[in-house]
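Values quoted throughout were computed directly from the atomic coordinates according to the rules given, and no laboratory measurement underlies them. Treat the numbers as computed from the prediction; the structure is a model and nothing was measured. Here the Cβ is made from the backbone with ideal geometry for all residues, glycine too, and neighbour counts use every protein chain on show.
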Ligand SMILES: Nc1ncnc2c1ncn2[C@@H]1O[C@H](COP(=O)(O)OP(=O)(O)OP(=O)(O)O)[C@@H](O)[C@H]1O
Ligand SMILES: [Mg+2]
């Protein structure tokens, strides 16, 4: 299988006080088309920073990210933002929906931003809302939805543009277990049925157990990889056992 996303020796430093702290310290990874990869690690390990670098939301101090064969660093601002828009979809812990827009409008927002007519994309918006089970709520506003429904809108929005890669940062972090499982089922379904490539950041082994492969990050480095393989049962047992060996 061909690699759709690659990171080579990523380094990210942040200025803190008068000096700099290195929070990503040489991360390399490769994700194949259609693969579902989870990134796990403790709070502060650098998971979100890595995900932001992978999606071009932030620039590394060294190393490079290659999406679909194209190094991000080789692109000017305009092409970088176009690549971000067309190749990646982002889902965050705090849903990031616009409160004054309806469900359908929130999902269509990326099209609006890209200057594509929403009318032209109506059927796509309906399709992704159907996929996440929200066809009945297209005219609701975010505050009229449950937390799980809001996250489903965010997933629909991320998938609407048919991104090559879906990047999700703790998408179940603000949800109870059952609601979180619904979100993971949607991600799993898009991976299994549509071949959607997914990178999921989580500190929850039960969430990571949906993935084919789990990368463990500690202190800004990938310290281990657990290959679970494609399984429909999402049994977290083997992963939890490995994490225990690593003292996590
Ligand atoms: N803008 C910033 N300036 C300075 N330090 C930062 C900045 N952003 C992140 N950091 C630091 O980088 C480290 C990694 O942060 P990151 O958000 O990637 O962790 P994380 O693994 O996603 O943690 P969590 O599970 O809590 O979300 C942390 O120590 C954090 O304090
Ligand atoms: Mg984080």
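Quick rundown of the values:
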| read-out | value |
| --- | --- |
| Cα-based helix-to-principal-axis angle, 177-194 vs the chain, degrees rounded to 10 | 90 |
| Exposure proxy order (Cβ contacts within 10 Å, fewest to most) of 225, 126 | 225, 126 |
| Residues 165, 39 arranged by fewest to most Cβ contacts within 10 Å | 165, 39 |
| Fewest-first sequence of 82, 131, 40 by Cβ atoms within 10 Å of each Cβ | 82, 131, 40 |
| Alpha-carbon centroid distance for the pair the range 225-242 / the range 92-122, whole angstrom | 35 |
| Semi-axis lengths, Å, the chain, gyration tensor of Cα atoms, sqrt of 5 times eigenvalues | 28, 22, 17 |
| The chain - share of DSSP beta bridges that are antiparallel (%, nearest 5) | 60 |
| Kirkwood Rh in Å, taken over the range 17-161 so that all alpha-carbon pairs contribute | 17.1 |
| GNM flexibility winner over the chain from 238, 171, 142 (Cα, springs under 10 Å) | 238 |
| Between 0 and 90°, nearest 10: helix 77-87 axis offset from the chain longest Cα axis | 70 |
| Values of log10 I(q)/I(0), in the order q = 0.14, 0.18, 0.20 Å⁻¹, for the range 111-240 under a Debye, Cα-only, solvent-free model | -0.68, -1.03, -1.21 |
| Rel. contact order, % - alpha carbon contacts under 8 angstrom, at least six apart, the chain | 26 |
| Gaussian network model of the chain, Cα within-10 Å springs - most flexible of 222, 100, 186 | 100 |
| Tilt relative to the chain, helix 122-131 - C-alpha long axis, 0 to 90 degrees, to 10 | 60 |
